[in-house]
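Since the structure comes first, as structure tokens, the remarks are kept for the end.
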Amino acid sequence: MEQMNRLRIGAVIVVNNEQKLQGIFTERDLLRRIIEAPPDWRHHPISEWMTPDPHTIPPDVGWEEAVVLMTRLRVRHLPVIEGSHVIGIISTRMLMSRRAEYLNQVVEERTRELKRAIDEVMAHDSELRYNLRAAGRLQTRLMLPNEPPRWPELRWGFHFAPLDHLGGDYYDLARPDEDHLGFLIADASGHSIAATMVAIMARTAFTEVAGTTTSPGAVLSAMNARLQGLADERFVTAFYGILHRRTRIFTYANAGHPYPLRFIGRTGQVVPLPAQGFMLGIIPDEQYREKSVQLEPGDRICFYTDGLVEARNGMGEGYGTARLEASFAACGRFDVELLTEHLLADQLAFRGEQPLNDDMTLVVGELREEG
């Protein structure tokens, strides 16, 4: 145990003088036996504590096969045997570390590809600031929808403001059929180039699946599956809702995104639209449960990213959801574009000269009487 602590390892291989495998001793072996160990257990040989004849693996087995084998056997260490001799040991920590290195290389290569693309487009201008401004304009054109569908019963107000020239926020619309309209708002963690790359991958996944189903949960599940292993240590929060035009039922699912706010036109009350779900790109096979709400003419929904409510004033106090709800309730009957401007102005008045510290997106949708 002193040797394992000094070397910061979780297992040691036990071999004889001919380097042939006798067993393996792990922290798990110690914990399994220590409760019933005799008082003089420190003097007992390691052969009494080790796991004899452990599972082994040959040196030519691939990474994925090794992961599957260790998962099936429910072990964290495997001696590597060539012929009858021990030549090494692998652990789940080592496998995950090598896998992380590979994924980092993938992300770095895609970052280089994006940088090369920006450099090619802006080859005649050497100023980096100009390049980033141009890339930001390109991101806006590529990442944001041009116009929502011309449904007379819907009005929209939009505000999109990356912290840098490039950002991780975006929103999008989908038309799975003539009677349904889907709205997505998402936020890739961080900002600038890396966040933009993750946002592009998320939007690509959304575009591939959103037109094929009217299930918000299925769309988020598909996006989550496509982002596994691609976002490195980053993640994406997202809220996706689909409005049925004839019934006015709004069905939605959430992947760790701030709850949108609903202004009920009939009563003037503001309520959140809560739904639980883990962020995209973190947990494989995550299932996103759906909820539904019956909307009425006069209702508004305020969608936003956390950059809006996490803005701080000179005292370090956050703007917060409660202030957003109060501002939304106070001016919920404004024209939807004026309402969007009012919400932004209220946040600006709160923070004063304090700069934003994250990308900020705000979208307000209004349901009116048809025609």
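The values are calculated or read from the model by the stated rules, or taken from the named source; none is laboratory data. Everything quoted here is computed from the prediction, not taken from an experiment. All Cβ positions, even for glycine, are placed from backbone atoms using ideal geometry, and neighbour counts span all protein chains on display.
Observations on the structure shown:
- Failed condition for residue 10, given (1) closer than 30 Å to residue 229 by Cβ; (2) modelled with pLDDT of 80 or more; (3) crowded, with 16+ Cβ neighbours inside 10 Å: (3)
- Test: residue 207 is modelled with pLDDT of 85 or more and more than 18 Å from residue 278 (Cα to Cα): yes
- The residues on offer are 367, 343, 295, 324, and the sole one that is aliphatic (A, V, I, L, M), closer than 28 Å to residue 250 by Cα and in contact with a Pro (Cβ under 9 Å, 6 or more places away or on another chain) is 367.
- Candidates in segment 227-250 are the residues that are more than 23 Å from residue 369 (Cα to Cα) and charged (D, E, K, R); of these, the one that is modelled with the lowest pLDDT is 232.
- Among (1) crowded, with 17+ Cβ neighbours inside 10 Å; (2) in contact with a strand residue (DSSP E or B) (Cβ under 9 Å, 6 or more places away or on another chain), the one test that residue 326 misses: (1)
- Sole exception among (1) surrounded by fewer than 15 Cβ atoms within 10 Å (Cβ to Cβ); (2) under 12 Å from residue 80 (Cα atoms) for residue 16, by number: (2)
- Identity of the residue in segment 247-263, surrounded by 17 or more Cβ atoms within 10 Å (Cβ to Cβ) and aliphatic (A, V, I, L, M), that ends up nearest to residue 324 (Cα to Cα): 261
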